[in-house]
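*Asks:* Below you will find the structure I want to go over with you.
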Amino acid sequence: MKKKFNIVYNFLPCILILSASKMTAQVGFFTQNPVHSLQIDAAKDNGTAPDAATQSNDVIMTSEGKLGIGVLHPITKVDLRSVDNKGLIGVGTNIQTSSEAGGGAIRYNTGGFLEYSDGEQWIALPLTAPTKALVNANKSSAKNIQSNAVTYIDGWVETVDLGTGPDGDFDPVNGIFKAPRDGFYLVSFNITLANGNIPKNTFLETAIESSQSTDNIPIFKTVNSYPAFQAGAVSNYISGNCNAIFNLKKNDTVKFSIKHTLGSARNTLNDGKLNNLSISEL
């Protein structure tokens, strides 16, 4: 009995070799009808009638040595142009020298860009700089400002916002700017209160405030003071302005406020030429 088992065991490789020589030209894994030398249906969803969507998770190797990932008929040596639009290549970092990697190699630099090798050195691929943030807005509607209280200014009307998001970089309704990326931002803010009595020893404070406190001055303020007058009572407009440069991180915010000590509520002047702001990414 043991002898018969050995005969079968020794004869098995011959059976496999003979079988391999008679295999069809196409080999499929988890797919019934492979169309190329090798086809792997990773999701096992091709069924009897595969379409472009179910084949978007297939891996193909043609008789010409072309590799298709999600592509049934690859055109290039490696083709990832699948119908699900997920044909991305993840390029990692690399510590090889350019000569070790060879000309034509590509790697990711942790500085946030790609490099290619010409066989002698790693060269940064040219980058198209993103559109820098630029916001201009004014306010023509009156806003009531209570005395001796910080009031954030909202209800702006944008004239410029180069932000690429669906709502730009500035929220005019709430008067809040959100930084699209890390960087330095130049901010200017002007406000004017409507004509009214100006008591002695009062002031108007204008402020620009950011949410970032690390390596940054989080708030800038200017104060226009009215300590004394020769006349007994003075009535006029009062204005304030403030300028700042902020070191912001992505999604940090900037908002605008004023505070006065006039003793009673005062509206902002309804003139957009005297109430405005601008934000420029440096």
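The values are calculated or read from the model by the stated rules, or taken from the named source; none is laboratory data. Please read all numbers here as calculations on a predicted model, not as lab measurements. Glycine also receives a Cβ, built like all others from the backbone with ideal geometry; neighbour counts cover every protein chain displayed. With ligands, DNA and RNA removed, areas are computed over all heavy atoms of the protein, side chains included. Shrake-Rupley method; radii C 1.70, N 1.55, O 1.52, S 1.80 Å.
*Asks:* Over what distance in Å are the Cα centres of the stretch 144-171 and the stretch 195-260 separated?
*Replies:* After rounding, the separation between the Cα centres reads 16 Å.
*Asks:* Rounded to the nearest 20 Debye, what is the dipole magnitude of the stretch 34-114 about its Cα centre when Lys and Arg each give +1 and Asp and Glu each give -1 at the C-beta? If you can, show how the numbers build up before the last one.
*Replies:* Working: 6 positive and 8 negative charges, 48 e Å.
Dipole of the stretch 34-114, to the nearest 20 debye: 220 debye.
*Asks:* Give me the extension gain from S140 to T128: residue separation times 0.36 nm, minus the current Cα-Cα distance, reported in nm with one decimal. All intermediate terms of the calculation are to be shown ahead of the outcome.
*Replies:* On the way: separation 12, 0.36 × 12 = 4.32 nm, distance 3.75 nm.
That works out to 0.6 nm of additional length.
*Asks:* Keeping all protein chains in place, calculate the accessible area per residue for the stretch 111-218 (probe 1.4 angstrom), answer in Å². Before the final figure, lay out each step's value.
*Replies:* Values: 5680 Å² over 108 residues.
Heavy-atom accessible area per residue stands at 53 Å².
*Asks:* Helix 2-21 versus the longest principal axis of the chain: what is the Cα-based angle in degrees, 0 to 90, to the nearest 10?
*Replies:* That helix lies at roughly 60 degrees to the long axis.
*Asks:* Something else now. Run the Debye formula on the Cα coordinates of the stretch 93-169, all scatterers equal and no solvent, and tell me log10 I(q)/I(0) at q = 0.15 1/Å.
*Replies:* Treating every Cα as an identical point scatterer, log10 I(q)/I(0) equals -0.69.
*Asks:* So, one more: Find out how many positive minus negative residues lie around A179, taking Lys and Arg as positive, Asp and Glu as negative, among other residues whose Cβ is under 15 Å from that of A179.
*Replies:* Working: positive: K132, K178, R181, K249, K250, K255; negative: D161, D167, D169, D171, D182, E209, D215, D252, E281.
After counting each charged neighbour, the total is -3.
*Asks:* Now, a different point. Quote the charge dipole size of the stretch 144-282 about the Cα centre in Debye, to the nearest 20; the model charges only the Cβ of Lys and Arg (+1) and of Asp and Glu (-1). Let's see the in-between values first.
*Replies:* Numbers: 10 positive and 13 negative charges, 105 e Å.
So the magnitude is around 500 debye.
*Asks:* ³J(HN,Hα) across the stretch 202-214 via Karplus (A = 6.51, B = -1.76, C = 1.60, θ = phi - 60°), whole Hz, x for Gly/Pro?
*Replies:* Computed from phi, the couplings for the stretch 202-214 are 10, 8, 10, 9, 10, 9, 10, 10, 10, 8, 9, 10, 8 Hz.
*Asks:* In nm, give the distance between the simple-model label positions of T97 and A43, each being 7 Å from the Cα along the Cα-to-Cβ direction.
*Replies:* Each label point is offset 7 Å from its Cα along the Cβ direction, giving 4.6 nm.
*Asks:* Computed from these coordinates, which is Rg/Rh (Cα atoms, Kirkwood Rh): [x] 0.98; [y] 1.35; [z] 1.01?
*Replies:* Derived directly from the coordinates: [y].
*Asks:* Does the stretch 52-120 classify as rounded, prolate or oblate by the C-alpha gyration tensor (a ≥ b ≥ c root eigenvalues; a/c under 1.5 gives rounded; else a/b over b/c gives prolate, otherwise oblate)? Write down the numbers at each step before the final one.
*Replies:* Details: a/c = 3.77, a/b = 1.88, b/c = 2.01.
Here the stretch 52-120 falls in the oblate category.
*Asks:* Which ³J(HN,Hα) values in Hz, rounded to whole numbers, follow from the phi angles of the stretch 271-282 under the Karplus curve 6.51 cos²θ - 1.76 cosθ + 1.60, where θ = phi - 60° and Gly and Pro get x?
*Replies:* So the Karplus estimates, Gly and Pro as x, are 9, x, 6, 10, 10, 7, 8, 9, 9, 10, 7, 7 Hz.
*Asks:* If the only charges are +1 at each Lys and Arg Cβ and -1 at each Asp and Glu Cβ, what is the size of the charge dipole of the chain around the Cα centre, to the nearest 20 debye? Don't skip to the answer; put the middle values down first.
*Replies:* On the way: 23 positive and 24 negative charges, 136 e Å.
My answer is approximately 660 debye.
*Asks:* Sort 151-162, 211-222 by the packing proxy (mean of other Cβ within 10 Å over each peptide's residues), most packed first.
*Replies:* Output ranking for 151-162, 211-222: 151-162, 211-222.
*Asks:* Which is farthest toward the positive dipole end of the stretch 69-182 among V135, L88, T76, measuring Cα position about the Cα centre, with Cβ charges +1 (Lys, Arg) and -1 (Asp, Glu)?
*Replies:* Result: V135, furthest along the dipole toward the positive end.
*Asks:* Please give the calculated 222 nm ellipticity per residue for the chain, where each DSSP H segment of at least 4 residues contributes -39500 (n - 2.57) and the sum is spread over every residue; nearest 500 deg cm²/dmol?
*Replies:* Details: 2 runs with 24 residues, N = 282.
Rounded to the nearest 500, the figure is -2500 deg cm²/dmol.
*Asks:* Additional query: With each pseudo-label sitting 7 Å past Cα toward Cβ, what's the T54-T110 distance in nm, one decimal?
*Replies:* Those two pseudo-labels are separated by 4.6 nm.
*Asks:* Sorted by packing (mean other beta-carbon atoms within 10 Å per residue), highest first, where do 86-92, 115-121, 262-268 land? Provide the component values of the computation, followed by the final result.
*Replies:* Details: 86-92: 9.1, 115-121: 14.7, 262-268: 16.3.
For the peptides 86-92, 115-121, 262-268, the packing ranking is 262-268, 115-121, 86-92.
*Asks:* Could you compute the net charge surrounding N216? Neighbours are other residues with a C-beta less than 14 Å from the C-beta of N216; K and R count +1, D and E count -1. Don't skip to the answer; put the middle values down first.
*Replies:* Working: positive: K249, K250; negative: D182, E209, D215, D252.
So the surrounding residues net to -2.
*Asks:* Which shape class, rounded, prolate or oblate, goes with the stretch 27-174 when its Cα gyration tensor gives a ≥ b ≥ c as root eigenvalues, a/c under 1.5 marks rounded, and past that a/b bigger than b/c marks prolate? Don't jump to the answer; show the numbers that get you there.
*Replies:* Numbers: a/c = 4.32, a/b = 1.90, b/c = 2.27.
It comes out oblate by the Cα gyration axes.
*Asks:* Would you please give the residues with an amide H less than 5 Å from that of N174, counting only those at least 5 places away or on a separate chain, with H modeled from the backbone geometry?
*Replies:* G155
*Asks:* Pick out, in residue order, every one of the chymotrypsin sites (Phe, Trp or Tyr not before Pro) in the stretch 222-282 that is DSSP loop and has at most 13 other C-beta atoms within 10 Å; say none if there are none. Let's see the in-between values first.
*Replies:* Numbers: sites: F229, Y237, F246, F256; in loops: F229.
Loop-located and lightly packed - F229.
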